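Worksheet for the structure shown next.
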Amino acid sequence: MSRVVYVNGKFLAEEEAKISVFDRGFLFADGVYEVTTVLDGKLVDFKSHTIRLKRSLNEITMKAACSDEELLNIHQKLIKANDLEEGCIYLQVTRGVADRNFEYPDDKIPSTLIAFTKKQGIINQPLVERGAKIITVEDLRWGRRDIKTVQLLFPSMAKMEAKSKGADDAWLVNAGKVNEGTSNNAYIVTQDNVIVTRHLSNTILHGITRVAILKCARSLNLTVEERPFSIEEAQNAKEAFVSSSTLCICPVIEIDGQMIGDGKPGVIAQRLREVYIEEAKKSAT
Ligand code: PLP
């Protein structure tokens, strides 16, 4: 079924949407993106996504493609045109079209802005119900993981490695410490019910869901520690889980073949997911 997608000012049928072979997003992965969840036809945490988008653009010295109002308008029109009740909107901004050259082109060249919808279950997801099996993989990504760039080949390779080993996803590690998942932030719950997740730095993406989850955890009077944790600590944890816009929270039931807790989705992860979704629905715009 054909979707209506957005390309540089136009809403088009997906078959009609085209990008130049000289687009720097295509040639250099010179671009950034955001994925915003849609629940009940509304955008979850939209403001935070626009703030992170601006930060990413600023970090790679690219000017904003359009105003926040225009961005909101594009998202809302896509929701309407595609009758999107539940799923997400993918938005990508690249440095635009220029002859292939490592130097950035003149910043008067317009950036490329595309966006499209994806219908998918957010509330009901088989993986969330079953719980994810994780393998750990050495994190070989570049050093600015705080910028949400479109260069996703390494996470994609790590995910494929997980699939080839019968797992669902990979946690990326350096010196035995867990950074994050291929496309999600990683957490453990200690035997004393403390939520542990890596602190913010250039090492991980500053997840929008992560902020909301930590707020929910504190509202449930759970202690939160933002610090590195090892693979071994994770394997001996009471629970483990990941967070992202489209997964919300997904329990982790196995790490490198070691069962976590009783091998079933953890109680705290499930409770946090319920509270998170309740709050996300209430504040969606
Ligand atoms: N970490 C990485 C590497 C990601 O790619 C993502 C999402 O795509 C996340 C964390 C979670 O971020 P968010 O909660 O903003 O979706």
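Tabulated data for the structure shown
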item: Total residues in segment 154-169, condition within 13 Å of the ligand (Cβ to nearest atom) and either among the polar types (S, T, N, Q) or in contact (Cβ under 8 Å) with a residue 60 or more places away in the chain (or both); result: 2
item: Pick from segment 1-25, criterion touching a residue at least 60 places away in the same chain (Cβ under 8 Å) and assigned to a helix (DSSP H, G or I), ranking: farthest from Gly96 (Cα to Cα); result: Glu14
item: Qualifying positions in segment 173-182 - near the ligand (Cβ under 9 Å from one of its atoms) and out of contact with any helix residue (DSSP H, G or I) (no Cβ under 6 Å at 6 or more places or on another chain); result: Asn179, Glu180, Gly181
item: Residue within segment 81-98 that is loosely packed, with under 14 Cβ neighbours inside 10 Å and not assigned by TED's automatic domain parsing to the domain that holds Gly261 present; result: yes
item: Per-region count, segment 141-153, residues charged (D, E, K, R) and more than 11 Å from the ligand (Cβ to nearest atom); result: 1
item: Qualifying residue in segment 223-235 (condition: under 30 Å from Lys42 (Cα atoms), more than 14 Å from the ligand (Cβ to nearest atom) and either in contact with a Ser or Thr (Cβ under 9 Å, 6 or more places away or on another chain) or part of a loop (DSSP other than H, G, I, E, B) (or both)); result: yes
item: Residue list for segment 28-59, restricted to those being surrounded by fewer than 16 Cβ atoms within 10 Å (Cβ to Cβ) and either at positive phi or of a type in the set (A, V, I, L, M) (or both); result: Ala29, Asp40, Gly41, Ile51
item: For Ile253: the one exception among (1) within 16 Å of the ligand (Cβ to nearest atom); (2) not in a loop (DSSP other than H, G, I, E, B); result: (1)
item: Within segment 185-219, considering residues that are part of a helix (DSSP H, G or I), away from the ligand (no atom under 11 Å from the Cβ) and not small (Gly, Ala, Ser), the one farthest from Lys148 (Cα to Cα); result: Arg218
item: Residues of segment 15-54 satisfying the condition of being charged (D, E, K, R), within 23 Å of the chain's Cα centre (by Cα) and under 30 Å from Tyr104 (Cα atoms); result: Arg24, Asp30, Glu34, Lys47, Arg52, Lys54
item: Residue check for Thr117: within 11 Å of the ligand (Cβ to nearest atom), under 16 Å from the mean Cα position of the chain (by Cα) and either assigned by TED's automatic domain parsing to the domain that holds Leu91 or at pLDDT 95 or above (or both); result: no
item: Condition met for Ala167 (over 18 Å from Asn202 (Cα atoms), more than 16 Å from the chain's Cα centre (by Cα) and crowded, with 21+ Cβ neighbours inside 10 Å); result: no
item: Those residues of segment 39-66 which are assigned to a strand (DSSP E or B), out of contact with any strand residue (DSSP E or B) (no Cβ under 6 Å at 6 or more places or on another chain) and of a type outside the set (D, E, K, R), in sequence order; result: Leu39
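The values are calculated or read from the model by the stated rules, or taken from the named source; none is laboratory data. Please read all numbers here as calculations on a predicted model, not as lab measurements. Cβ: placed from backbone, ideal geometry, glycine included. Neighbour counts: every protein chain shown.
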